[in-house]
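> Below you will find the structure I want to go over with you.
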């Protein structure tokens with residue numbers, strides 16, 4: 001069996017990692033602009049949530065978030081913010097890692113953008 005040089009292996013791993021699917025883009029609004037809070041929510045979702053909930057919110061280790069399932073499970077936005085902040089069960093608490101405004105941005109992203117996917 002022939003092994004690849006370390007540099008080649010690292011290049012392949014980094015290249016494949018860069019090709020991984022990303023979270024859905026924030027749609028452009030009627031004014032021709034994207035909502036900066038939703039863009040921040042997408043970026044934070046990509047950095048903190050895709051490992052468990054999938055890039056498109058389809059689930060995995062964590063439950064499905066797309067297709068309106070979040071709003072059905074948490075009709076009250078404050079309850080979803082509390083869950084993300086404090087965690088519950090397998091869901092880790094993000095209150096110590098993210099600012100309240102960042103948590104609100106992620107919650108808006110899951111409710112307004114991921115809800116439209118799936």
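> Sorted by packing (mean other beta-carbon atoms within 10 Å per residue), highest first, where do 94-105, 42-53 land?
Values: 94-105: 15.2, 42-53: 18.2.
Highest mean packing first, the order is 42-53, 94-105.
> On average, how much area does the Cα convex hull of region 23-116 cover when viewed from any direction, in nm²?
5.5 nm²
> Which order, highest average first, do 110-118, 67-75, 30-38 follow once you tally other Cβ atoms within 10 Å for each residue and take the mean per peptide?
110-118, 67-75, 30-38
> When the Cα centres of region 72-109 and region 43-58 are compared, how far apart do they sit, in Å?
The distance from the Cα centre of region 72-109 to that of region 43-58 comes to 13 Å.
No value in this document is a laboratory result; all are computed from the given coordinates. Just so we're clear, the structure is a prediction, and the values are computed from it rather than from any experiment. For neighbour counting, all protein chains shown are included, and Cβ atoms are generated from backbone atoms with ideal geometry for every residue, glycine included.
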